[in-house]
Amino acid sequence: MPSRPNSIKTIKIEIHSYPQYDFPSILEEHSSGDSYYLKKKLHRKYFEDYFAAIDVKTIVIEDNYIDRDFLEDYSKYYVKSYSDPLKYCKRIHAFSSSFNEKQFTSALINNDAEFIKQNLVEKYLGFIVLKPLPEAVIGRTCLVPYKKLSDSHSRYYPIIRNYEVNLLGIELTIEGLAFQEQDTVAAACATSALWSAFHYTGISFQHPILSPIEITESVVKHGVAFNERAVPSKGLDLPQLIAAINDVGLEAEVIPVENPTDLKRIAYAYLKGSIPVILGAKLIEKLPGNFRNPTQFDPDMDAHAVTLIGFGVSSKNVIASANVFKTKAENLIRLYAHDDGVGPYSRLVFDDKKVPLSYNADRTARVEVESIGTSWYGKYIREVGQVRFVPQVCIAPVYHKLRLPYKGVEERIKLFNRIYRMASLFLNITSNQDITWDIFLSYGNLLKEEIRKDRGISEDKKKKLLKILFPRFLWIVQAYEGDGKLVTIVYDATSFERCQNVVFVNISSESFQQNIIQMQSNTDVSNFYKQNISANELFEKIGTQFPA
Amino acid sequence: MPTEPESKAGNPSEIFTKKVEEKELSAETKSQILEHVMEIDELERSISFMEYRVFPESLKRLVFTV
């Protein structure tokens, strides 16, 4: 009877100073990728720049690493190929401290707690798994987000979580969000975007975190037809993307995006409420002298999906003052996305540039549309920033109880804002006219924490407010004039749309409330706004500071 | 069939528009108010019919392949 070989598998560890041993060398020597393809990869340049930005000084390379996500893809697809790759990956750990192999080994053997804490635990920047594939070598990657201070903007990454990592018995922690590139076998861009989003929602809403091939399979399970084979995967359409979200027990809030300003508002509202947003966009390649669609993209069909996980807010106020409806979200100057075509935390820049996209009615000329800048390489000019996104749709994977969508709240506030402006002109009210709105998702417990910390609320009122049973999900709407807050309106996000859903109003400006009361007491104005249930609700509740 | 009094007077926007025309306001202010009234009617319809939930056909044809 044949016996199992009596061999023990071992892990080989290599330690290198960085950037003396640079990222292209890591890829060339430690991935099984074909050298020709590796040299063409944008990831190679992106990670090189990113490692410099987060100040990597030492890398530890761990071989024979079994990655759960790749193992799933391997067991369901690659193992059945004639020329199957190995199931073992390599894991590249990054540290912002300098140490060599001798110091590392000595600290491990002698259990040097101080060295381990100071040089490894406190200086850990994350890891990249290198998959044993010929081209798509970047596997599960968890790196810290870039956080260096900037004079021009502040960075926010609401969609990051802790990952526990074990390196030869040393417990390391990294706060980030998992990224990986598509292999176009188990996963396409939309699958990679969903996979990153599920890494966050899986923790916040407690659902299983599927591997890329499991996501692709889940779409088939829901009976959503693929025009071509499901695996190898060439991509997902919108119904398939929705089906994958439904499969983990979440609902997909699908929000068409009209323009970059709309994108800022939608992304900010959900991201601030700790919900990742999948952005679907068309791609336009920049060519010398003009813009046109590159041949590999069909302008009417092919699109790209990325996971939005953060945003950058301008230090200066850049909101267009002429707008009737202004929001704080307009101060976003960039979004941060896990873009499988670029890398983790890649920038999407709001730079007010237009590109020609669709043809006009008689197909004689292209219509110019607003677009956002990316870090993509062009197909024709291999330089960063050659491809621009034209945002089309946002998909927010939400808990089923989050029923009132952002747009439902935005439209209500736009309506109230218009009536307020109109009534002010009619009644010659001149105070509190330059209003900027802040609309974002929040939670009952967070609101109570804010009420508790708010020094502007009296003790008696705090006692009363803290005893209110708030719903789990809330839409917070705040009106500002300059830096001064006028009012906070809280909507029940678990409510349905055709009802009154304001659960709490807190007035911060007496003059604003007096304006509302003056509008309420004028029958011409009040008869006008009473035609709409949501506008009437706001006037009534702000006029009385609900609950009284 | 009897006509309800509100129908004779018109809808709230028409009634308010008449009040604006009657009120002593500058032509520019009246024009600004009427522009707001038109926008309010649009928003009112969007909220009533939940138009913001309607997807353009083009979205249904998008395939995320790149």
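When the C-alpha to C-alpha distance is required to be over 32 Å, the pairs from A:K40/A:K282; A:K316/B:K30; A:K9/A:K234; A:K328/A:K379 that qualify are A:K316/B:K30; A:K9/A:K234; A:K328/A:K379. Given +1 at the Cβ of Lys and Arg, -1 at the Cβ of Asp and Glu and no other charges, the dipole of chain A around its Cα centre is 660 debye to the nearest 20. Proximity of backbone amide H atoms, modeled 1.01 Å from N, is registered between A:L474 and A:S442, A:Y443, A:G444, A:A493 at under 5 Å, excluding neighbours fewer than 5 places apart on the same chain. What the Cα convex hull of the stretch B:8-51 gives, in volume per residue, is 56 Å³.
If you rank B:T29, A:T191 by how much accessible surface each has, with a 1.4 Å probe, what is the order from largest down?
Working: B:T29 30, A:T191 0 Å².
The ranking, largest first, comes out as B:T29, A:T191.
Under 1.5 on a/c is rounded, so check that first for the stretch A:447-493, then, if it is not, pick prolate when a/b is larger than b/c and oblate when it is not; a ≥ b ≥ c are the square roots of the alpha carbon gyration tensor eigenvalues. Here the stretch A:447-493 falls in the oblate category. Of the solvent-accessible surface of the stretch B:8-51, computed with a 1.4 Å probe over protein heavy atoms with every protein chain present, carbon and sulfur atoms account for 51 percent. A Cβ-based charge dipole, computed about the Cα centre of the stretch B:8-51 with Lys and Arg at +1 and Asp and Glu at -1, lands at about 240 debye.
Let me know the mean shielding of B:46-55 by other chains, meaning the per-residue number of their Cβ atoms within 10 Å of its Cβ. List each step's numbers first, then the result.
Numbers: counts 5, 12, 5, 0, 6, 2, 9, 8, 1, 5.
Mean shielding count: 5.
Ignoring ligands and nucleic acids, what accessible area does A:Y37 show with a 1.4 Å probe (Å², nearest 10)? It works out to around 90 Å². Using a probe of 1.4 Å on the protein chains alone, the accessible area found for A:I457 is around 20 Å². Loop-resident trypsin sites (Lys or Arg not before Pro) (DSSP state other than H, G, I, E or B) in the stretch A:394-467 with no more than 13 further Cβ atoms inside 10 Å of their Cβ: A:K401, A:R455, A:K467.
Computed with a 1.4 Å probe on the full set of protein chains, the accessible area for A:F115 sits at about 30 Å².
Of all the C-alpha pairs in chain A, what % are more than 40 Å from each other? Spell out each step's value before the answer.
Details: 49253 of 149878 pairs.
In whole percent, the long-distance tail amounts to 33.
Across B:L25, B:L43, B:L34, mean-square fluctuation computed from a Gaussian network of chain B (C-alpha pairs under 10 Å connected) peaks at B:L25. Among the chymotrypsin sites (Phe, Trp or Tyr not before Pro) within the stretch A:452-548, those in coil by DSSP and having at most 13 neighbouring Cβ atoms inside 10 Å are A:F496. Couplings 3J(HN,Hα) of the stretch A:404-415, computed from phi: 7, x, 3, 4, x, 6, 4, 5, 4, 6, 4, 5 Hz, in residue order, whole Hz [Karplus 6.51 cos²θ - 1.76 cosθ + 1.60, θ = phi - 60°; x for Gly and Pro]. Ranking A:Y420, A:P158, A:L125 by Cα position along the charge dipole of the protein assembly as shown, where only Lys, Arg, Asp and Glu carry charges on their C-beta atoms, puts A:L125 farthest toward the positive end.
With a 10 Å cut-off around each Cβ of A:413-421, the average count of Cβ atoms from other chains is 5.
Determine how many Å³ per residue the convex hull of the Cα atoms of the stretch A:50-170 encloses. Walk me through the numbers on the way to the answer.
On the way: hull volume 17.5 nm³, N = 121.
Value for the stretch A:50-170: 145 Å³ per residue.
Approximating the spin labels as points 7 Å out from Cα along Cα→Cβ, the B:S48-to-A:D352 distance works out to 3.8 nm. Rg and Dmax of the stretch A:370-465, based on Cα coordinates, read 21.6, 67 Å.
What is the average number of partner chain Cβ atoms found within 10 Å of a Cβ in A:524-532?
5
A straight chain from A:V324 to A:N445 at 0.36 nm per residue would run longer than the Cα-Cα distance by 40.3 nm.
Think of it as helices only: each DSSP H run of n ≥ 4 in the protein assembly as shown is worth -39500 (n - 2.57), and spread over all residues that comes to -10000 deg cm²/dmol at 222 nm. Packing, as the average of other Cβ atoms within 10 Å across residues, places the peptides A:71-77, A:532-538, A:99-105 in the order A:532-538, A:71-77, A:99-105, highest first.
With respect to the cross-link table entries A:K326/B:K18; A:K39/A:K87; A:K414/B:K19; A:K467/A:K541; A:K463/A:K530, which display a Cα-Cα separation exceeding 21 Å?
Values: A:K326/B:K18 29 Å; A:K39/A:K87 24 Å; A:K414/B:K19 23 Å; A:K467/A:K541 19 Å; A:K463/A:K530 33 Å.
From the list (A:K326/B:K18; A:K39/A:K87; A:K414/B:K19; A:K467/A:K541; A:K463/A:K530), the Cα-Cα distance tops 21 Å for A:K326/B:K18; A:K39/A:K87; A:K414/B:K19; A:K463/A:K530.
For the stretch A:373-448, GluC sites (Glu not before Pro) meeting the loop criterion (DSSP other than H, G, I, E, B) and having at most 12 other Cβ atoms within 10 Å: A:E383.
Rounded to the nearest Hz, the phi-derived 3J(HN,Hα) couplings of the stretch A:43-54 under the Karplus curve 6.51 cos²θ - 1.76 cosθ + 1.60 (θ = phi - 60°) are 4, 4, 6, 4, 5, 4, 5, 5, 4, 5, 5, 8, where x marks glycine and proline. For the stretch A:211-221, 3J(HN,Hα) computed residue by residue from phi via the Karplus equation (6.51, -1.76, 1.60; θ = phi - 60°) reads 6, x, 6, 5, 5, 4, 5, 4, 5, 5, 4 Hz, glycine and proline entered as x.
Summarising the amide proton neighbourhood of A:L130: residues at separation of 5 or more, or on other chains, whose placed amide H is nearer than 5 Å comprise A:K90, A:R91, A:I92, A:G139. The H on the amide N of A:F504, modeled in the peptide plane, is under 5 Å from the matching H of A:V490, each at least 5 residues off or on a different chain.
May I ask for the accessible area buried between chains A and B, both sides summed, probe 1.4 Å, to the nearest 100 Å²? Walk me through the numbers on the way to the answer.
Details: alone 25360 and 6520 Å², together 27990 Å².
It comes to approximately 3900 Å² buried between A and B.
The values are calculated or read from the model by the stated rules, or taken from the named source; none is laboratory data. No experiment lies behind these values; they were computed from the predicted model shown. Reconstructed Cβ throughout: ideal geometry from the backbone, glycine too, with neighbour counts over all protein chains shown. Just the protein is used for accessible areas: all its heavy atoms, side chains included, with ligands, DNA and RNA removed. Shrake-Rupley method; radii C 1.70, N 1.55, O 1.52, S 1.80 Å.
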